Amino acid sequence: MSAGHRIFRNIRALAAAKAATMASGLVTAAWTARVLGPDSFGVLGFGTSLMAYAALFVNMGLSTYAIREIARDRDRNDHRDRAAELSEHVLTLRTVLALVVGAIYAVFILSLDKPMEVKAVLLVQAVQLLGNALVLDFVYQATEKMGVIATREIGTSIGSMLLVFLLVRGPEDAITAAAITGGSITVNALIMIGRFRRDFGTLRPRIDLKVWREILTAATPMAVGVFAWAIFTHLDVVMLGFLAPHTEVGWYSAAVKIQTLANLVGNIVMNAFLPQLAASYGEIGPMRDRMRAYAGVMLAVGGLVVAGGFALAPVILGTLFGDAYAPATLALRLLMLASAVVYANMILGNPLLVWHRQTGYMIAMLSGGALNALLNIWWIPRYGIEGAAMATFTAELAATVAIAWIHRRAVGELYVGITARAMLCAGAAIGTAFALAHVGAPFFDRMPALVHFAAGSAAMVVVYALVAVLTGLVRPKRLRRLTRATA
């Protein structure tokens, strides 16, 4: 099977999983936001962001390192045994880190000047650390068995959604909502270990300090880069939790949920391409060819997603979360602009991690993360949630400019032509949505927000697809060839 066919197959499997994850995630977020209210939902969002940082110290870049090593050695005769051995080291090391980080996290939470009810929610969310430590997605991503990952993600998302519907009924159930997320991740990770046993053999704890030191030495620059990425993703919510009322954190958390789902589409493409990008390292021709294909797909989907989130921000918030979250409209639009930069960052930055250029990526992301922290401290007290969104956008842009310089040195290209076509398609779609909103205002004002959202989305998709074909951003012949080859 060719690289293109493998990539398309990967995207198809991950897209099925992410479609289920996005649908159930939207429903779950909408339900919890409405049932808990902005105040309790803000506590949950604050805890989720804190937990994201704690989880980074559990992973420590180990997943990215394992993907790189397993994907690179796929042609070896002992590939299966080497993959199993590395997986055992990674899971053992992450489990130890989860116990240590969990203890430190608990001490930190108990020291906060917060009500005991808030601390209880934050402590319960720590269950996620064990689940994250045991997840084996990296080995199946590296071996391009995306169907296994898809099954786990679908099980986690649907199970969480059903439990939330059954058990979360009011603001007093914030602790239950926190427990459901962590419990679902852990249970599905354990089920996945059973699948690993069938494919690679029984997992055994492996403790070898020399091997661990070698792994951590290679993975640490990746971990620092990913940690810096998390500063962009979660620092705004964390700092709002300390500097603003929980109601404002709730508004902003709703906007961040939508942005996260928008970025999730890019993650599907990135994860599908990453093994092939890793395998092309060292051969400039294949690196450039696969990067052009990667950039084309990322910008095609990213342009539509960002345009939709920007143009339809008020109706998306109204449809999912209700009128109580309308104050987050401007913040959401700013976050969607930040998402446009995130897509550029994923295109230019993530391949560097599997091309042994993780140090440059780390420095760029750390510098941007430091700028993000300073801007949040400066702008949140002055501009509230809009200040947090502006800080994220500005810092993302600064880091991506630096990463673009490193990427160009690696492959000699920045895909300006593809970017221009994607921007043209997005502009046409946004203009269509605004024109429809203006002309149809008398009708939409009498209808539920869902009607406006459906009509606006349909119009934007049609216009975007038409302009994408006319400009050559999307080539139907190539798409048909790939789909038929993998049918």
> By its C-alpha gyration tensor, with a ≥ b ≥ c as the square roots of the eigenvalues, how is the range 304-415 shaped: rounded for a/c under 1.5, else prolate for a/b larger than b/c, else oblate?
Replying inline: oblate
> How far apart, in nm, are the 7 Å Cα→Cβ label points at Phe57 and His79?
Replying inline: 3.7 nm
>> Given a 1.4 Å probe and heavy atoms of the protein chains only, how would you sort Val249, Val101, largest accessible area at the top?
In response: Val101, Val249
>> Taking the full set of protein chains and a 1.4 angstrom probe, give the accessible area of Tyr343 in square angstrom, rounded to the nearest 10.
In response: 10 Å²
>> If DNA, RNA and ligands are ignored and the probe is 1.4 Å, what is the ranking of Ile430, Ile191 by accessible area, most exposed first?
In response: Ile191, Ile430
>> Considering only C-alpha atoms, what is the centroid distance from the range 240-266 to the range 59-128, in Å?
In response: 24 Å
> What residues have an amide H closer than 5 Å to that of Leu136, excluding those fewer than 5 places away on the same chain, when H is modeled at 1.01 Å from N in the peptide plane?
Replying inline: none
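Accessible area per residue, 1.4 Å probe, Å², for the chain: what's the number? Walk me through the numbers before you get to the answer.
On the way: 20540 Å² over 487 residues.
Averaged over the residues of the chain, the accessible area is 42 Å².
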> Can you give the helix-only mean residue ellipticity at 222 nm for the chain, where every DSSP H stretch with n ≥ 4 adds -39500 (n - 2.57) and the sum goes over all residues, rounded to the nearest 500 deg cm²/dmol?
Replying inline: -30000 deg cm²/dmol
> Extension gain Thr202-Val451, at 0.36 nm per residue separation less the Cα-Cα distance, in nm?
Replying inline: 84.5 nm
> Which distance in nm do the two modelled labels at Arg169 and Val107 give, with both placed 7 Å along the Cα-to-Cβ direction?
Replying inline: 4.0 nm
> Where does each of Ser253, Ser367 land when they are ordered by accessible area, with a 1.4 Å probe and the largest first?
Replying inline: Ser367, Ser253
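Among the listed pairs Lys210/Lys257; Lys119/Lys257; Lys145/Lys210; Lys119/Lys210, which are separated by more than 32 Å between their Cα atoms? Write out the running numbers ahead of the final one.
On the way: Lys210/Lys257 41 Å; Lys119/Lys257 22 Å; Lys145/Lys210 30 Å; Lys119/Lys210 38 Å.
Correct reply: Lys210/Lys257; Lys119/Lys210.
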> Whole-Hz Karplus ³J(HN,Hα) for the range 195-211, in order, using 6.51 cos²θ - 1.76 cosθ + 1.60 and θ = phi - 60°, x for Gly and Pro?
Replying inline: 5, 4, 4, 5, 8, 10, x, 5, 6, 10, x, 10, 10, 9, 4, 5, 5
> What figure in square angstrom, to the nearest 10, would you give for the accessible area of Phe242 with a 1.4 Å probe?
Replying inline: 110 Å²
>> Not counting ligands, DNA or RNA, and with a 1.4 Å probe, what is Thr359's accessible surface area in Å² rounded to the nearest 10?
In response: 70 Å²
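The values are calculated or read from the model by the stated rules, or taken from the named source; none is laboratory data. All values reported here derive from a predicted model rather than from experimental measurement. A quick note on method: Cβ atoms are made from the backbone with ideal geometry, for glycine too, and the neighbour counts reach across all protein chains shown. Surface areas here come from the heavy atoms of the whole protein model, side chains and all, with no ligands, DNA or RNA. Shrake-Rupley method; radii C 1.70, N 1.55, O 1.52, S 1.80 Å.
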